[in-house]
Amino acid sequence: MIATENDVSALVAIAKQTRLAALELAVLGTDAKNHAIASVAKALELHQEEILQANIADCNAAIADGIAQPLYKRLQLDQHKLRDAIAGVRDVAKLKDPVGEVQIHRELDTGLILKRITCPLGVLGVIFEARPEAAIQIAALAIKSGNGVILKGGKEAIHSCEAIVKAIKKGLSNTDVNPDVVQLLTTRGETIELLKLDRYVDLIIPRGSNSFVRFVQENTRIPVLGHADGVCHLYIDKAADMEKAVNVAVDAKIQYPAACNAIETLLVHADIATVFLPQVAATLAAKNVELRGDTATKQILPNIATATPSDWETEYSDLILAVKIVDSWEDAIAHIRQYGSKHTEAIVTEDAETAKNFLALVNAAGVFHNCSTRFADGFRYGFGAEVGISTQQMPPRGPVGLEGLVTYKYQMTGDGHIVTDYTGENAKSFSHRDL
């Protein structure tokens, strides 16, 4: 759907409103922001039945439209998910305020003082498919970090997002935070136009499928924070504890297979493959997981499907797992280097030296030892919530919480100081003394 001229004008007006409200928010103190966040949590609780009913309507419509199972799982918002999301909002209020932190306080010369101070980014544009609880997490983080946010949920979650944002705005209405700091867009045409608003939007955060994130990255001049793939690996080393290895592998695949931090490939050392693979295959089969193996794996598990080259680079987001036998931890790392998406990678081993090498040499936002990749999550990291996961090389990287939503500025105070005094034959010297 192409946005009309009136639609574009309305979106620009929304973006301007959001920026003005964000400027007001940027100068509020911590207590005012925390009070607003607490009020949002209370409003979400008061309106939880409306939110859940709206989600049921979305789910029913999605089923009628033939929604894919992984996306449907993300769309569902039951009482437990909503409860956890609201708990995450309250956790954000408990976190240290990331705004106003003095990172550098330095005397350049007598009376000439330099500070580097953290400040909000400005306005965030967050576009996400399904996962309506993302709107809750993102709004709380935006408020705490002093940013305005324009939310664009997928069409499949439109009623859920409308109910959530309505509750958030009600919660803010009796606080010092202008409700205009949180806005919701509802049409596909608005998504395209949002990507063009580089005068008003400072950061785009996409959350969704690989193709969706790539589309966003390729169609905006606004900086983008996100990840295009979640091809995560678990390597079972020859020195692995078998019980740990089975438990971690099963959890990393089936605890929530639609998540971007669920494993898609299992790498197994050849020395323990004949013992480990039958155990893990039996457990995964009981959970309805389809295995696809390389030639060596099929010699041990002859009844599974044959893995094709495309399986090593596929994010299934479903109960499918590719399996490959490797001869060493170096071979495991080489496979990850070729096919991994720099999201989250894990090793199970009791060999401390091998673990140390794996953690040091694997290039990913998260590298884990003897635990499930499903721990790669802002809530579990203690961030209260996350706006998304970044797999870019530069920070912020991994689950992005408050620290990824602020930047910094240099402030300098002098007393008539001029650069001319510090140049030439009789130039004054800088003290560069940290205060």
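The values are calculated or read from the model by the stated rules, or taken from the named source; none is laboratory data. As the structure is a prediction and not an experimental result, all values here were calculated from the model. Neighbour counts run over all protein chains shown; Cβ positions are idealised from the backbone, glycine included.
Among residues of the range 22-45 that are among the hydroxyl-bearing types (S, T, Y), those with a Cβ under 8 angstrom from a residue that is modelled with pLDDT under 95, sequence gap 6+ or separate chain, pair up as S39/N174.
Considering only the range 5-20, state which residues are of a type outside the set (V, I, T), closer than 12 Å to Y200 by Cα and touching a residue at least 12 places away in the same chain (Cβ under 8 Å).
Quick first cut of the range 5-20, residues of a type outside the set (V, I, T) only: 5-7, 9-11, 13, 15-17, 19-20.
Right, trim to closer than 12 Å to Y200 by Cα and you get 11, 13, 15-17, 19-20.
Passing the criteria: L11, A15, K16, Q17, R19, L20.
Please indicate, with yes or no, whether at least one residue in the range 381-399 is more than 24 Å from the chain's Cα centre (by Cα), within 23 Å of E313 (Cα to Cα), surrounded by 12 or more Cβ atoms within 10 Å (Cβ to Cβ) and of a type in the set (G, A, S). Among the residues of the range 381-399, not one is more than 24 Å from the chain's Cα centre (by Cα), within 23 Å of E313 (Cα to Cα), surrounded by 12 or more Cβ atoms within 10 Å (Cβ to Cβ) and of a type in the set (G, A, S), which makes the answer no. Check the range 254-262 and report whether any residue there is over 25 Å from D351 (Cβ atoms), modelled with pLDDT of 95 or more and either in contact with a strand residue (DSSP E or B) (Cβ under 7 Å, 6 or more places away or on another chain) or of a type in the set (G, A, S) (or both). Within the range 254-262 (the criterion being over 25 Å from D351 (Cβ atoms), modelled with pLDDT of 95 or more and either in contact with a strand residue (DSSP E or B) (Cβ under 7 Å, 6 or more places away or on another chain) or of a type in the set (G, A, S) (or both)), the answer is yes, since at least one residue qualifies. Residues in the range 345-366 that are surrounded by fewer than 19 Cβ atoms within 10 Å (Cβ to Cβ) and within 21 Å of E386 (Cα to Cα): none. The residues listed here are V213, V177; of these, the one that is modelled with pLDDT of 95 or more and either in a loop (DSSP other than H, G, I, E, B) or under 20 Å from M394 (Cβ atoms) (or both) is V177. Inspection of the range 292-304 finds no residue satisfying the criterion of being among the polar types (S, T, N, Q), closer than 22 Å to N370 by Cα and not in a helix (DSSP H, G or I).
Is it true that L141 is in the same structural domain as L20 (by TED's automatic domain parsing) and surrounded by fewer than 23 Cβ atoms within 10 Å (Cβ to Cβ)? Steps first, please.
On the way: in the same structural domain as L20 (by TED's automatic domain parsing): yes; surrounded by fewer than 23 Cβ atoms within 10 Å (Cβ to Cβ): no.
Here the answer is no, as L141 does not meet what is asked.
Kindly indicate the residue of the range 305-328 that is farther than 20 Å from L71 by Cβ and in a loop (DSSP other than H, G, I, E, B) and also farthest from the chain's Cα centre (by Cα) among those meeting that condition. Before you say what the answer is, go through the steps one by one.
First, the residues of the range 305-328 that are farther than 20 Å from L71 by Cβ: 305-313, 322-328.
Remaining after also requiring in a loop (DSSP other than H, G, I, E, B): 307-308, 327-328.
Details: A307: 30, T308: 30, D327: 34, S328: 32 Å.
That would be D327.
Residues in the range 287-299 that are more than 14 Å from L267 (Cα to Cα) and either crowded, with 17+ Cβ neighbours inside 10 Å or under 31 Å from the mean Cα position of the chain (by Cα) (or both): K287, N288, V289, E290.
Highlighted here are the helices (runs of 4 or more DSSP H) found entirely within the range 1-91 that include at least 2 residues which are under 24 Å from A259 (Cα atoms) and modelled with pLDDT of 95 or more: 48-64. Restricting attention to the range 309-330, the residues that are surrounded by fewer than 19 Cβ atoms within 10 Å (Cβ to Cβ) and out of contact with any strand residue (DSSP E or B) (no Cβ under 8 Å at 6 or more places or on another chain) total 5.
Of the numbered criteria (1) under 23 Å from D91 (Cα atoms); (2) touching a helix residue (DSSP H, G or I) at 6+ places or on another chain (Cβ under 9 Å); (3) of a type outside the set (D, E); (4) surrounded by fewer than 23 Cβ atoms within 10 Å (Cβ to Cβ), the one T407 fails is (2). Quick check: anything in the range 268-286 of a type in the set (F, W, Y), at pLDDT 95 or above and in a helix (DSSP H, G or I)? Yes, that holds for at least one residue.
The residues listed here are A364, A355; of these, the one that is assigned by TED's automatic domain parsing to the domain that holds A262, within 18 Å of the chain's Cα centre (by Cα) and either modelled with pLDDT under 95 or among the aliphatic types (A, V, I, L, M) (or both) is A364.
Going by the structure shown, is D241 at pLDDT below 95, of a type outside the set (G, A, S) and closer than 30 Å to T297 by Cα?
Values: at pLDDT below 95: no; of a type outside the set (G, A, S): yes; closer than 30 Å to T297 by Cα: yes.
It is false that D241 is at pLDDT below 95, of a type outside the set (G, A, S) and closer than 30 Å to T297 by Cα.
Only a single item in (1) within 20 Å of N247 (Cβ to Cβ); (2) assigned by TED's automatic domain parsing to the domain that holds L114 is not met by V323, and it is number (2). Which members of the range 398-421 meet the condition of being assigned to a helix (DSSP H, G or I) and touching a residue at least 40 places away in the same chain (Cβ under 8 Å)? Passing the criteria: L402, E403, G404, L405.
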